[in-house]
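K.L.:
Quick one: structure below, then a few questions.
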Amino acid sequence: MLAEDFNLPKQTHEIFSLMARGNFISSNGTKEGMNRLYDVINNPDNFDRFQAYFNVIRYNIERGNNFFYFSKLGETNSELEKKLERFERYIDIVDLLASMDNKITIGSRFRPSEIAEECNANVRLKQKLQKIPLYRSETLHNKVREICDLMSRDSFLEMEDEKTESYKVLDAYSYLLDVINSVAIYEDTGIDNDSSSGLIYN
Amino acid sequence: MENNCRILNRIVEINISNVKYADIELSGNTCFVGTNNFGKTSLQRAILFFYSANSRGLGISASQKPFEEHYFRYENSYLIYEISTEDKSFFVIVYRHNKIVFRFVDAPFDPDFFFTANDEAMKIKEIVAGLEKKGIYISNQIDTFERYRNIIFGTETDKQLSKFHLLKGNEKYQNIPKSITNVFLSSKSSVDSRFIKDFIANSLTTENSSIKLEQVERQLRQFNEKYSDIETYLKKESVQLIELIDKKYDQVHMLKGSQIEMADKLGSSLRFAENQNESMRDASKLKEVELEKLEADFKQSKDNIENKQNDIREEIGYYDRTIRESNKKLKEYSEKNIEEALVKNQEREKLTVEMNIARREYESLTSNVSSIELKYTSLIEQLRNDKSAYVNKINSRTSEIFNHYNELQLLQKNEFNKSDVELKKKREESLIEINSEETAKQIEFNQMKSEEKIIRSTRFYEQEIKNIENELAELRAVSYKNKSERAIKHNMAQTIQREWENIEIKLKTALTNRVNQTNIEIIKLKTEIKEIEQKLDIQNDAFYGFLEKNVKNWHQNIGKVVNEKLLFRTDISPKLKKETIDTLYGISLNLEPVEIVSKSIEEYQFDKNERLAQIRDLEESLTQFQTANSEEKMLAADKYGKSLGEMKEDAKVLSYSLELSDKREQKLVAELEDWNSKAGKEIEDSLSSNRQRLNIIEEELSIFNKKKNNLINDFNKQFDKLKNYNEDRLKDLKIKQETEISEIEVEKKNQVKEYEIKEGKLSKEKDSNFKKKGVDSKQIKIIEDKMKEIKSLLKDIEQYSQIISDYLKDKREIFDKLPDMIQKKEEFIKSNNDLSVQLEEVTAKYNLKRMELNKQKRAFDEELINFNNGINFYTNNFRETPVYSKYSDIIERAEAKRTNYNILDLCTQLLKNDSHFNEEYGTFQRYVNEFTGKFRIDNHFNFIIRNDASLGEYERFAQNLRSFINENKIELSIAETATQIGLVTDSIANKVNELSGQKDKIQHIITLIAEDFKKAEFDESKLIEFIKIRLEESDNKVYKLLKRIQEFRQENGLVYNEGLFNTDFATGQKREISGKAVKLLEQLRNAIKEQEQEEIRLQDLFELKFNIKEGMNETGWTHKIDSIGSTGTDILVKAIIYITLLHVFIKESSHRSSKDFKVHCIIDEVGQISSHYLRELLRFAKNRNIMMINGLPNKSGLESHYKYTYQFRREENNNVRIFPSIVTEVEA
């Protein structure tokens, strides 16, 4: 079956190349016409065609709150585990961002320097930031920058202005929040003295 | 001087740059020889400046000094251009007077004009003075380059100056300096069609006749950004977010308002508590003292009254007893028939008199028989005495018994009475005891009852309730007013909305009508244009073409009589027959007076252009109308939107205030209910304790009653028992008495009978004796009986004497005083009752006052406790919280004022509300962030919020958003954007039209060039066989898109912008068209970005291709000829092309009458060209009246081909000297 048979929009390739990298397409993203791509996928006619087309290559388009992403059909457990491992560091990051005086929420615009300053002034935040395991961490500012880089790469943030180093939180950020909200913490009752606590991802 | 033609003959430099003086002749081919940086190019530029007079178009790079500064360093720096003419020469002085200026001098150049005797260059004033002195005409200062060029290129109208021309140019003369400049500036070695294109285009266009893509891109970006902003705004999610923000803002605002209100109350309460604490404490103490005093006063009054009551009660007791005893005695007397006794006692005197009379009568009758009488009387008397003695004895015995029994009875009675009295006393005592207790209880009961009455009539928390009721009344009044105001505002808003809508409809209709009208007119004009074009297209093959080709001046004859339709028919096969020439089918006509009806091609062209201009005018007028319409729309939106917004805002404020009022009312009603229930509870509490006490007292009273009844019963029983015993005893004694007395009486009777018998016997004896003696015994007997009867009666009366005597004594002493005593007793009872009432009143008053004081004291105490608790809570639990920090200003600045709330409640509520507020505020923030995040950071709505924005900023954002919605600014934005898309496409279409309008000129020039190439005589050398040139369509992507937009604009007019964001199904087609327009603009924007081109110039409208054959090499049709042969060949070809171009442009741009002039072609660096080629080139130029000025790095023999050769040398003082080289011109 050919791509033409599905009568796909011309942006298909662009959409695929973005989402196949594990990126999200958010409605409030502006770089590379992300919002236009969102509109294209969000069009009900297109969506069904995309779904049918991508299912053939074992991808499924998942719809979030104002964002889309790919999930792989029949993913192996080891792949899932890897994903979870990658996700783990986001727990601390989201915790940090949610603990700021001016909470970072979807649509928020901020500069890494602002976060670094606030962390510098607040011991609790500083500890939270220092707890996040990243490589380049000579200064708090650099660490925040690294976080922003990471989140931009994973399409949770978007750098709006390179001059002022201003970032915007994209709709996909709610994916992180949703996943974290569905994490249940259990405590072992201590019948057997193995691990005393742990995480369950719902 | 050459052939008496006009030419730039000489250039003289005086103090120019580092040349002190140089005089260079230019009337033939000239070459400058000198190593680099010696000033060859500077000199060439100075020559170029003569032609171009544009200090900025000389190829001076930005890093170099500007022309003015580099050339004219000194006050006496001059550039002099001498121009030779047909008769004599004139020269132009160029100098700097702030800016570069020119003067024309009508004389050949002479160095003496400029130098003093000391070879010092003079100042311009001196030069002018010197020339004037010599009578040589020198023009005024020419201040502008434009005017200078007009003079040089012969278009100056001033007669004095018009003679100073090099050539007579036409309206396109600007192409000549441009061409000369372009040739000079092009230094590429390869021949690129782009360069030629540029050359041609630059020669044809001005700087402004390009489409500046940066400007277009900016317009597109602005439109695109606005469009995308609006699109984002109109998205469902955004609309939902707006609603959420609006709603949440109200909630947050309300919460904040209530928090502030509460903080203010807290502050007021705190200040009040702090201020009132001490005075409250004092007030409480004062109330306590007042209470004590009240109690003491009451006790004293009560004691007084009770003492008085006791005295009165004693009096009453005394009178009561006395009256009772009197009544008892009266009863006893009555029982003893005192009335009868009194009557009988009244007859006593009468009976005593009767007795005495009877006795004297008896004594008189018996005086004759006194002895017998005496005997018998003594016997009878004896008997009688015996009898009497006996009777007396018996009587005494009887009376003894009687008395004995009477005594016993009396004793018994006394005993009874004593017991009775004792018992009664005992009963009385017990009763008094019980009664006093009962009375006390009763009094207490009555007190309780009156207290209950007081409690029931007391309104607890009256002030608070009254305050709330007042506040409620005020609130309701305000709410009522607000409701009516809101209704008015709603009505006004609706009216404004309707007015607005009417105006919008009116404007829309006007626009639609205008658009339709304009479109109809445009269609009509286009149809006419089409018809004209059709005519022009077919004219060659039609009768018209035939006439043009074969009949001279046919317009003067055939043109006057022929039908226009016939002229453009292609099917009538016209043939020229000489016989009938000047006739109409053989008929000769005088057509002098007849008007020509046929039109020339130019006239058709003119008609077409006129119509095109009309279309443009129509479109322009439509655009203006649309702009005006949009402006009117904006004005209406501004006017009505603002008013509407204000009305809506007012209505919203009123709604909000009503909402607040409702909440406040509900709260107040709840508070009122609370206070009422509190008051009720207070009453109930007071009443319940009262009732309990009352119940107890009632119970006690009933117990007392019972006790009293029991006591009375007991005593009654005892009384009965005593009475019965007494009665029994008395009865028994009576019986015994009667029995003994009757026994004695029987005995006495018997004895008396015996005595009476004896007496009878004696009486009979006496009577018989009397009879015997003659005495009337019968009469005596009657008197005796009478005396007996009287005696008996007297005796009877005597029996009552004692009781009567007692009665009379009692009557005198007691009974007669009884009414007075009753009266007195009544008076005492009344007094007692009065005192009781007084006591009751005093007690009630006391109770009331006591309760009042207690209440006041309790209130003070409670308030004090509340204050202290509140202040403690505030200090310990509130002061350190962030809520305090948030509202500290309000709390600290509040005025001391009593509120209906206590501090503790206020603190708790503030803390509680704050967490709710934070929650709501967080959500509000989230919505605002999400909403703004949907827009670009620099969106034209200014929907932007900083990450660290304060609550105030978020609130202002929401307020602005609300105003935005109320004032319907999105409509304005849409209208603006719609106008913008119209303007953008219109501007693009106009620019494309303007630019592509010159395409014909290009075509014309290219044709001329091609022809000139053909004419070129390369035969001699056979070096270049041919140079061909042709035009092709442009493959510039941006231009293609621009063209498409222009076509789109032409096709759809201006109507499509109406459909922008129009969701109306009826105008759906317009939306589709608008969609296409937006897409096209977007494509253009992307293309501009991709292509990174600054502007679309005339040269981008077409492609130019060359085909050159040199020897055996043919390049084929190509854009760029990198290498035709050797470098020299390349330079040659390039120079040939330039010269051709220059020739063509000069020819095109100069007046046909002006032929005797020569211009220079300045090409630097021709050192690599071979001598043979150079000769060929110079000849090629010469044939076209063009003199070459070239630069050579050093002497190589090439200079021999030039008429003038100048060498450059740098001297020790760094000055450059230019001097002529002595060479022989081989060929020029």
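Every number here is computed from the coordinates shown, using simple stated rules; none is lab data. Not measured: the values here are computed from a predicted model. Because the Cβ atoms are built from the backbone with ideal geometry, glycine has one as well, and the counts that use them run over all protein chains shown.
K.L.:
For B:W500, B:W1117, which order do you get if you count the other beta carbons within 10 Å of each Cβ and list the fewest first?
P.N.:
B:W1117, B:W500
K.L.:
Per-residue Cβ counts within 10 Å, from other chains only, averaged over B:924-936: what number is that?
P.N.:
Going residue by residue through B:924-936 and averaging, the value is 6.
K.L.:
With unit charges on the beta carbon (Lys/Arg positive, Asp/Glu negative), name the residue among B:I434, B:Y405, B:N417 whose Cα is farthest towards the positive pole of the charge dipole of the range B:404-447.
P.N.:
Towards the positive end, the residue furthest out is B:Y405.
K.L.:
Expressed as a rounded percentage, what relative contact order does chain B have, with Cα pairs under 8 Å and six or more residues apart?
P.N.:
Rounded, it is 27 percent for chain B.
K.L.:
Just want to confirm a number: the relative contact order over chain A, from Cα pairs under 8 angstrom separated by 6+ residues, in percent.
P.N.:
19 percent
K.L.:
Nearest 20 debye, what's the magnitude of the dipole of the range B:8-112 about its Cα centre given +1 on Lys and Arg Cβ and -1 on Asp and Glu Cβ?
P.N.:
It comes to approximately 560 debye.
K.L.:
Could you calculate, for the protein assembly as shown, the ratio of the Cα radius of gyration to the Kirkwood radius, expressed as Rg to Rh?
P.N.:
1.46
K.L.:
State to the nearest 20 debye the size of the charge dipole of chain B about its Cα centre, where the only charges are +1 on K and R beta carbons and -1 on D and E beta carbons.
P.N.:
Magnitude of the dipole: close to 1200 debye.
K.L.:
Follow-up question, since we're still on this one. Among A:F156, A:F24, A:F16, which one shows the highest mean-square fluctuation when chain A is modelled as a Gaussian network with alpha-carbon springs under 10 Å?
P.N.:
Top of the fluctuation ranking is A:F16.
K.L.:
Between rounded, prolate and oblate, where does chain B land on the alpha carbon gyration tensor, with a ≥ b ≥ c its root eigenvalues, rounded for a/c under 1.5, else prolate if a/b exceeds b/c?
P.N.:
In terms of gyration-tensor shape, prolate.
K.L.:
Taking one equal scatterer on every alpha-carbon of the range B:436-537, how large is log10 of I(q)/I(0) by Debye at q = 0.25 1/Å?
P.N.:
Log10 I(q)/I(0), no solvent term: -1.16.
K.L.:
Mark the label point 7 Å from the Cα of B:K855 along Cα→Cβ and return the residues of the range B:685-727 whose backbone N is within less than 14 Å of it.
P.N.:
Residues B:685-687 fall inside that zone.
K.L.:
When you count, for each residue, the other Cβ atoms within 10 Å and take the mean per peptide, how do B:128-136, B:852-860 rank with the highest first?
P.N.:
My ranking of the peptides, most packed first, is B:852-860, B:128-136.
K.L.:
Grab the DSSP H runs of chain B that are 4 residues or longer, score each as -39,500 (n - 2.57), total them, divide by all residues and round the 222 nm result to the nearest 500 deg cm²/dmol.
P.N.:
Value at 222 nm, helices only: -24500 deg cm²/dmol.
K.L.:
So what are the ³J(HN,Hα) numbers for the range B:940-951, from phi and the Karplus equation (6.51, -1.76, 1.60; θ = phi - 60°), rounded to whole Hz, Gly and Pro as x?
P.N.:
After applying 6.51 cos²θ - 1.76 cosθ + 1.60, I find 6, 7, 6, 7, 9, 9, 6, 5, 9, 5, 7, 4 Hz.
K.L.:
Follow-up question, since we're still on this one. Among A:M34, A:M100, A:M159, which one shows the biggest mean-square fluctuation in a GNM of chain A, springs joining Cα atoms closer than 10 Å?
P.N.:
For chain A, modelled as a Gaussian network with Cα springs under 10 Å, the answer is A:M100.
K.L.:
If you don't mind, another one. Going 7 Å from the Cα of B:H1004 along its beta-carbon direction, which residues of the range B:608-642 have the amide nitrogen within less than 17 Å of the resulting point?
P.N.:
Answer for the range B:608-642: B:608-610.
K.L.:
Can you give the net charge of the other residues whose Cβ lies under 11 Å from the Cβ of B:E798, counting K and R as +1 and D and E as -1?
P.N.:
With Lys, Arg at +1 and Asp, Glu at -1, the net is +3.
K.L.:
Residues in the range A:44-82, backbone N under 18 Å from the label point at B:E243 (7 Å along the Cα-to-beta-carbon vector): list them, ranges by number please.
P.N.:
A:66
K.L.:
As I understand it, the dipole of the range B:496-643 uses +1 on the Cβ of Lys and Arg and -1 on the Cβ of Asp and Glu, about the Cα centre. Which of B:I572, B:N516, B:N553 lies farthest toward its positive end?
P.N.:
Farthest towards the positive pole: B:I572.
K.L.:
Counting only other chains, and only Cβ atoms inside 10 Å, what mean value do you get across the residues of B:946-955?
P.N.:
3
K.L.:
Now for a different question. Which residue, B:A1181, B:L1041, B:V1166, has the largest displacement toward the positive end of the dipole of chain B when charges sit on each Cβ (Lys, Arg +1; Asp, Glu -1)?
P.N.:
Final value for the positive-end residue is B:L1041.
K.L.:
How many angstrom lie between the C-alpha centres of the range B:783-815 and the range B:727-761?
P.N.:
Between the Cα centre of the range B:783-815 and that of the range B:727-761, the gap is 24 Å.
K.L.:
Still on this model: Just in the range B:1-78: which chymotrypsin sites (Phe, Trp or Tyr not before Pro) are loop by DSSP and have at most 15 other Cβ atoms within 10 Å?
P.N.:
Passing sites in the range B:1-78 are B:Y74.
K.L.:
Shifting gears a bit: Calculated FRET efficiency, B:K642 and B:S836, Cβ-Cβ r, R0 60 Å, to nearest 0.05?
P.N.:
So, using R0 = 60 Å, E works out to roughly 0.15.
K.L.:
Tell me which trypsin sites (Lys or Arg not before Pro) from the range B:300-385 have a DSSP coil assignment and no more than 16 other beta carbons within 10 Å of their own.
P.N.:
Those that pass, being in a loop and sparsely packed, are B:K336.
K.L.:
Would you calculate the convex hull of the Cα atoms in the range B:75-155 and tell me its volume per residue in Å³?
P.N.:
91 Å³
K.L.:
Now a separate question. Can you classify chain A as rounded, prolate or oblate using the Cα gyration tensor, where a ≥ b ≥ c are the square roots of its eigenvalues, rounded means a/c under 1.5, and otherwise it's prolate if a/b beats b/c and oblate if not?
P.N.:
Oblate shape, in that a/c is at least 1.5 and b/c is the bigger or equal ratio.
K.L.:
State to the nearest 20 debye the size of the charge dipole of the protein assembly as shown about its Cα centre, where the only charges are +1 on K and R beta carbons and -1 on D and E beta carbons.
P.N.:
Roughly 1760 debye, rounded to the nearest 20.
K.L.:
May I ask you to evaluate 6.51 cos²θ - 1.76 cosθ + 1.60, the Karplus curve with θ = phi - 60°, for each residue of the range B:289-306 and list the ³J(HN,Hα) values in order in whole Hz, giving x for glycine and proline?
P.N.:
The phi angles translate into 4, 4, 4, 4, 5, 4, 5, 5, 4, 5, 4, 4, 4, 5, 4, 4, 5, 5 Hz.
K.L.:
Nearest 500 deg cm²/dmol is fine: what mean residue ellipticity at 222 nm does chain A get from its DSSP H runs of n ≥ 4 alone, each adding -39,500 (n - 2.57), divided by its residue count?
P.N.:
-14500 deg cm²/dmol
K.L.:
Would you please put B:930-937, B:704-711, B:1091-1098 in order of how densely packed they are, using the mean number of other Cβ atoms within 10 angstrom per residue and starting with the highest?
P.N.:
My ranking of the peptides, most packed first, is B:930-937, B:1091-1098, B:704-711.
K.L.:
Counting only other chains, and only Cβ atoms inside 10 Å, what mean value do you get across the residues of A:21-32?
P.N.:
2
K.L.:
Sequence gap at least 6, Cα distance under 8 Å: using those rules, report the relative contact order of the range B:1140-1199 to the nearest whole percent.
P.N.:
Relative contact order of the range B:1140-1199: 43 percent.
K.L.:
Can you give the FRET efficiency for A:E79 and B:T495, using 1/(1 + (r/R0)^6), R0 = 60 Å, r = Cβ-Cβ distance, to the nearest 0.05?
P.N.:
That pair, A:E79 with B:T495, gives E of 0.35.
K.L.:
Add +1 for every Lys or Arg and -1 for every Asp or Glu among the other residues with Cβ under 14 Å from the Cβ of B:L383, and state the total.
P.N.:
+2
K.L.:
Return the sequence-ordered ³J(HN,Hα) values of the range B:359-366 in whole Hz as given by the Karplus equation 6.51 cos²θ - 1.76 cosθ + 1.60 applied to θ = phi - 60°, using x for Gly and Pro.
P.N.:
Computed from phi, the couplings for the range B:359-366 are 5, 4, 5, 5, 5, 5, 6, 9 Hz.
K.L.:
Another question, if that's okay. If you find the alpha carbon centre of the range B:278-307 and of the range A:45-112, how far apart are they in angstrom?
P.N.:
Here the answer is 82 Å between Cα centres.
K.L.:
Which of A:K143, A:K126, A:K31 ends up with the largest GNM mean-square fluctuation for chain A, with Cα atoms connected below 10 Å?
P.N.:
Of the options given, A:K31 has the highest mean-square fluctuation.
K.L.:
Return the whole-Å distance between the Cα centroid of the range B:827-851 and the Cα centroid of the range B:508-538.
P.N.:
Distance between centres, Cα-based: 116 Å.
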